[in-house]
Amino acid sequence: MLRIRDAIRADAGAIARLEHESALVRDDGSRVRLLRGASLFDQLELMGDARLFVAEDDGAVVACEAASVHDVRVGGAARRLLYRHHVRVLPGHRRRGLNAAFSERVLDFARAARADGGYVYVDPHNALVREWQSSPSGARTWRSAPAWSVAPVRALLRCDALAGQVAGRPASTADAGRIAALVNACHAREEMFLPCDQTRLSRRLGRFPAAYGWKDVWIDGDAAVGVWNARERCLREAADGALSESTRAFVLDYGLDPQRGLADFERLLRAWCRHLAGEGVTHLSIFTSPGSPGEAVIRGLVESTAELRLHSSVAEPADVAGRGVFVDHLHF
């Protein structure tokens with residue numbers, strides 16, 4: 001018998017098994033497994049207003065879906081949006097109505113959290129998502145949440161190849177104003193970015209400091225970079241059977257003065273790569289967007305990039321191509 005319930009930390013092992021057994025299938029024939037397990041629950045704590053639901057069949061976890069609600073700015077107006085993510089379903093339980101069952105719980109959560117819209121990110125090379133998009137329920141969903149024309153970019157930096165010198169220092173609460181100013185200087189023009197202030201930054205860094213707090217934000221000159229070492233494992237099986245594995249950390253916050261801070265920003269990224277390589281992390285993940293002040297620095301360091309499609313019930317602003325799109329890596 002199938003039932004949907006809230007997940008708890010004791011489900012971490014079951015979530016890890018589900019992640020391993022429900023690979024993401026890409027259109028090149030490769031299969032990708034993103035393994036978070038317990039770190040998924042860390043992410044929920046860092047998000048604040050967030051929930052993880054699981055589906056059980058006779059007591060065994062067969063699917064999951066996560067959701068969060070957070071504040072953004074679109075077209076100059078503040079919005080509170082629902083973000084749905086980390087959907088995993090065992091192959092034997094697909095097309096059994098789980099999307100509708102999860103949606104009922106997710107939308108109840110969204111109403112309680114006062115969301116006034118929603119969005120998702122889609123990998124255009126995800127074969128399973130494209131298959132669902134062509135179904136009647138998928139077609140209805142995408143009509144109500146069309147894709148924006150500007151695609152944010154996820155960049156992977158290879159830590160051992162980019163390891164630089166030690167740079168910067170860990171932040172403290174006394175740096176809150178400076179960090180907020182640098183973040184705003186970097187992202188203020190971008191859609192989906194809500195301007196940062198000391199209160200919001202302190203709340204964000206105080207939710208779960210054991211995972212991500214002031215110590216994890218480094219400052220150097222006119223730049224700041226904050227990293228959560230999530231230790232996400234990515235297992236990739238190519239179409240020819242070749243296997244590869246990587247371990248990833250995420251840049252959750254970064255800011256820089258667009259004129260004076262570019263060299264400081266690169267120095268901090270390289271310093272973080274050095275530190276993470278020493279902890280067994282292979283890649284540092286960071287988002288950028290066409291026109292963002294840090295885009296050229298990031299593109300000059302990448303090992304690989306992936307464009308994502310932002311689908312939202314909120315209409316795309318007419319000038320988004322000139323402003324870019326901000327992605328909060330925490331809500332990804």
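Numerical summary
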quantity: Gain on full stretching of the segment that runs from Arg3 to Asp57 - 0.36 nm per residue minus C-alpha separation; calculated: 18.8 nm
quantity: The stretch 260-313 and the stretch 160-211: distance between their alpha carbon centers, rounded to Å; calculated: 14
quantity: The chain - charge dipole about Cα centre, Lys and Arg +1 at Cβ, Asp and Glu -1, debye rounded to 20; calculated: 460
quantity: Helix axis angle, 38-47 relative to the chain longest principal axis, alpha carbon, degrees; calculated: 60
quantity: Correct option for volume of the Cα convex hull per residue in Å³ [calculated from the coordinates] among (i) 131; (ii) 160; (iii) 172; calculated: (i)
quantity: The stretch 2-142, relative contact order [Cα under 8 Å, separation at least 6], %; calculated: 23
quantity: Label zone at Ala321 (point 7 Å along Cα-to-Cβ), backbone N below 18 Å, the stretch 280-304; calculated: 289-292
quantity: Helix 12-21 axis, angle to the chain major axis (alpha carbon atoms, nearest 10°); calculated: 80
quantity: The chain - Cys residues lacking any other Cys C-beta under 4.7 Å; calculated: Cys64, Cys186, Cys196, Cys234
quantity: Efficiency of FRET from Cβ geometry, Asp160 and Gln259, R₀ 25 Å, rounded to 0.05; calculated: 0.20
quantity: Most fluctuating residue given options Ala277, Ala100, Ala16, as computed from a GNM of the chain linking Cα atoms under 10 Å; calculated: Ala100
quantity: Tail beyond 17 Å, pair distance distribution of the stretch 2-142 (Cα, percent); calculated: 63
quantity: Note, ³J(HN,Hα) from phi for the stretch 64-72, Karplus 6.51, -1.76, 1.60, rounded to Hz, x at Gly and Pro; calculated: 8, 8, 10, 8, 9, 10, 8, 8, 9
quantity: Residue order, fewest to most surrounding Cβ atoms within 10 angstrom, among Leu2, Leu243, Leu90; calculated: Leu243, Leu2, Leu90
quantity: Value at 222 nm in deg cm²/dmol, rounded to 500, when DSSP H runs of n ≥ 4 in the chain each add -39,500 (n - 2.57); calculated: -8500 deg cm²/dmol
quantity: Helix 262-277 axis, angle to the chain major axis (alpha carbon atoms, nearest 10°); calculated: 60
quantity: The chain, relative contact order in percent, only Cα pairs under 8 angstrom and at least six apart counted; calculated: 23
quantity: Dipole of the chain [Lys/Arg +1, Asp/Glu -1 at C-beta], most positive-end residue of Tyr254, Ala163, Val89; calculated: Val89
quantity: Antiparallel DSSP beta bridges within the chain, as percent of all bridges there, nearest 5; calculated: 90
quantity: Most positive-pole-ward Cα, Val297, Ser30, Leu243, against dipole of the chain from beta carbon charges; calculated: Ser30
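Each value in this text was obtained by applying a stated rule to the coordinates, not by laboratory testing. In this text, all values refer to a predicted model and were calculated from it rather than measured experimentally. A quick note on method: Cβ atoms are made from the backbone with ideal geometry, for glycine too, and the neighbour counts reach across all protein chains shown.
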